[in-house]
Amino acid sequence: MKMLERLNLLRDLLEIEHRAELDQNKLELSRVPVQVRETLGKSVTRLSAEEGDLAQGGYPLIIFSRQPAGEEISPFHAMSRGDLVCAESATGQRFDGTLYDVDEYVVAVALNGRPPELLPKGRWSLHLVGSDATYRRMKPRP
């Protein structure tokens with residue numbers, strides 16, 4: 001097998017592994033109670049959402065926030081810029097995105113697709129589903 005073929009095979013296998021990890025993490029959303037996920041820093045609940053501007057590359061932003069409630073650490077302490085997330089409204093609407101900016105009580109999520117026509121009112125939850133950073137570093141360069 002030639003070197004270029006090996007590199008392409010490695011890229012393909014890494015992509016398959018990454019997709020499988022994301023699918024497994026999304027499946028965990030239905031299996032692990034949200035209170036447990038929130039304790040572990042993998043979910044943040046009781047969020048308000050509003051439309052933001054556009055991120056670099058023209059991706060629409062949704063801003064999620066929560067009022068401080070005397071927590072010892074911020075609700076987003078385990079989340080970092082670049083993490084992949086799933087946002088879920090109280091009505092069950094979901095969309096995927098990437099954390100664009102993270103503060104103690106406010107995060108901006110760059111949507112992977114088009115924003116909803118109307119952003120549902122009410123409370124939202126944000127669930128951490130993975131990161132691209134490790135896979136980007138492991139991918140061989142052409």
Q) Within the stretch 41-61, can one find any residue that is in contact with a Phe, Trp or Tyr (Cβ under 8 Å, 6 or more places away or on another chain), closer than 16 Å to D132 by Cα and touching a residue at least 40 places away in the same chain (Cβ under 8 Å)? A) no
(Q) Criterion first (under 13 Å from V107 (Cα atoms) and in contact with a Ser or Thr (Cβ under 6 Å, 6 or more places away or on another chain)) does S65 satisfy it? (A) yes
Q: Please report, ordered by residue number, the strands (runs of 3 or more DSSP E) entirely within the stretch 31-131 with at least 3 residues that are closer than 26 Å to E15 by Cβ and within 14 Å of the chain's Cα centre (by Cα).
A: 83-89, 94-102, 106-111, 124-131
Q. Any idea how many residues of the stretch 64-74 are modelled with pLDDT under 90 and either surrounded by 15 or more Cβ atoms within 10 Å (Cβ to Cβ) or β-branched (V, I, T) (or both)?
A. 2
Q | Scan of the stretch 62-85 for residues that are in contact (Cβ under 8 Å) with a residue 24 or more places away in the chain and charged (D, E, K, R), ordered by number | A | R66, D83
Q | Complete set of residues in the stretch 89-116 that are within 20 Å of Q67 (Cβ to Cβ) and surrounded by fewer than 20 Cβ atoms within 10 Å (Cβ to Cβ) | A | S89, A90, D101, V102, D103, E104, Y105, V106
**Q.** Residue, farthest from L22 (Cα to Cα), within the stretch 75-88, restricted to residues that are out of contact with any Ser or Thr (no Cβ under 8 Å at 6 or more places or on another chain) and surrounded by 16 or more Cβ atoms within 10 Å (Cβ to Cβ)
**A.** P75
Q: Could you check how many residues of the stretch 17-34 are more than 21 Å from R81 (Cβ to Cβ) and surrounded by 10 or more Cβ atoms within 10 Å (Cβ to Cβ)?
A: 10
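The values are calculated or read from the model by the stated rules, or taken from the named source; none is laboratory data. Keep in mind the model is a prediction, meaning the values are calculated, not measured. Heads up, the Cβs are rebuilt from the backbone with ideal geometry, glycines too, and the neighbour counts pull from every protein chain shown.
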